Amino acid sequence: MSEPVYRLEGVTKVYNSRLVLNIEALDIMRGEVFGLVGPSGSGKSTLLRLLDFLELPTTGQIRFGDYVTDSNRMAPLGVRRRVTMVFQRPVLLNTTVFGNVAYGLHLRGDDQIAQRVHRVLEQVGLDSLASTPARTLSGGEMQRVALARAIVIEPAVLLLDEPTANLDPYNVGLIERIVADLNRERGTTIVLVTHNVFQAKRLAHRAGLLLDGRLIEVSEAGKFFIDPSDPRTAAFVRGEMVY
Ligand SMILES: Nc1ncnc2c1ncn2[C@@H]1O[C@H](COP(=O)(O)OP(=O)(O)O)[C@@H](O)[C@H]1O
Ligand SMILES: [Mg+2]
């Protein structure tokens, strides 16, 4: 029914001669929310940087539509523009909320900037702060600006790296709702990295556990969180894994 957006085959990443990621195979399906969980240092952010084409695999291939990674050549701009990442700690421009969200549209030469920016700021509950300097915002508001900046360019894929770590429950709830709505209403494919099992369970259609750079299990959410195949997944979702 659904087709893969990404197909990873034999993907490894080596840093300073240390193998930090080793994924035999992984498909991310179009329109899904894929939850990637795992302890700190297991390679989650490394995998996201590969999916964002910020870095290339050391060996193996990532297929993305008609494009296949080539370890000697960065992905073309047209490919990279279809994917956007939101980091745990947003780096905002030293300008207004509006200016931050408009920036990517300026780069793309969009001709309906104001309209698009206001629509997205409404979506994240920040339209009343459009002319506020971004640096004066709370952490939760900053993260919503980062999300707005990502959403406004209507990417095919949104990569979220621990997007709600250290935020208050109110902002966590808002961001989870924005992410779920985006997936449901626009069909945006989302890869959500989190070490919060409860968040992954609330949002993901499928989930994967990464341990020491290896995918231990990938299953439908109903199975992954309730009746996983691997004892290590069971321990992780029960919160029993020491890390
Ligand atoms: N640019 C880099 N250079 C060297 N080592 C790195 C680099 N990025 C990540 N690593 C190492 O790779 C491993 C996985 O890191 P990371 O992907 O950030 O894990 P996670 O996001 O799951 O916490 C860690 O041991 C980390 O120190
Ligand atoms: Mg990380």
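A few notes on this one:
For every residue, the table says whether it meets (1) away from ligand 1 (no atom under 12 Å from the Cβ); (2) over 19 Å from Thr188 (Cα atoms).
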{"site": "Ser45", "(1), (2)": "no, yes"}
{"site": "Asp52", "(1), (2)": "yes, no"}
{"site": "Gly60", "(1), (2)": "yes, yes"}
{"site": "Arg63", "(1), (2)": "yes, no"}
{"site": "Val68", "(1), (2)": "yes, yes"}
{"site": "Asn72", "(1), (2)": "yes, yes"}
{"site": "Pro76", "(1), (2)": "yes, yes"}
{"site": "Val79", "(1), (2)": "yes, no"}
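- Members of region 15-43 found to be over 22 Å from Ile190 (Cβ atoms) and either in a loop (DSSP other than H, G, I, E, B) or free of Cβ contacts under 8 Å to residues at least 60 places away in the same chain (or both), listed by number: Tyr15, Asn16, Ser17, Arg18, Gly41
- Pairs, first without any contact (Cβ under 8 Å) to a residue 40 or more places away in the chain in region 70-84, second part of a loop (DSSP other than H, G, I, E, B) and aliphatic (A, V, I, L, M), C-beta under 7 Å, six or more apart: Ser71/Leu56
- Pairs with Cβ under 8 Å, 6+ apart, first in region 210-235 and closer than 25 Å to Leu19 by Cβ and aliphatic (A, V, I, L, M), second open to solvent by 20 Å² or more (accessible area, probe 1.4 Å) and in a helix (DSSP H, G or I): Leu211/Arg232; Ile216/Arg232
- Test: Asp66 is open to solvent by 70 Å² or more (accessible area, probe 1.4 Å) and more than 23 Å from Ser45 (Cβ to Cβ): yes
Results for (1) within 16 Å of ligand 2 (Cβ to nearest atom); (2) at positive phi; (3) touching a strand residue (DSSP E or B) at 6+ places or on another chain (Cβ under 6 Å), shown as yes or no for each residue.
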residue: Asp181; (1), (2), (3): no, no, no
residue: Glu185; (1), (2), (3): no, no, no
residue: Phe198; (1), (2), (3): no, no, no
residue: Lys201; (1), (2), (3): no, no, no
residue: Asp212; (1), (2), (3): yes, yes, no
residue: Ile216; (1), (2), (3): no, no, yes
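- Every condition in (1) on the phi > 0 side of the Ramachandran plot; (2) modelled with pLDDT under 95 holds for Phe53 except the one numbered (2).
- Where Arg144 falls short, out of the listed (1) within 21 Å of the chain's Cα centre (by Cα); (2) surrounded by fewer than 16 Cβ atoms within 10 Å (Cβ to Cβ); (3) not hydrophobic (A, V, I, L, M, F, W, C): (2)
- The condition of being aliphatic (A, V, I, L, M), over 27 Å from Arg30 (Cβ atoms) and open to solvent by less than 20 Å² (accessible area, probe 1.4 Å) holds for only one of Val83, Val97, Val101, Val124, that being Val97.
The values are calculated or read from the model by the stated rules, or taken from the named source; none is laboratory data. In this text, all values refer to a predicted model and were calculated from it rather than measured experimentally. In this analysis, Cβ positions are derived from the backbone assuming ideal geometry, glycine residues included, and neighbour counts consider all displayed protein chains. Just the protein is used for accessible areas: all its heavy atoms, side chains included, with ligands, DNA and RNA removed. Shrake-Rupley method; radii C 1.70, N 1.55, O 1.52, S 1.80 Å.
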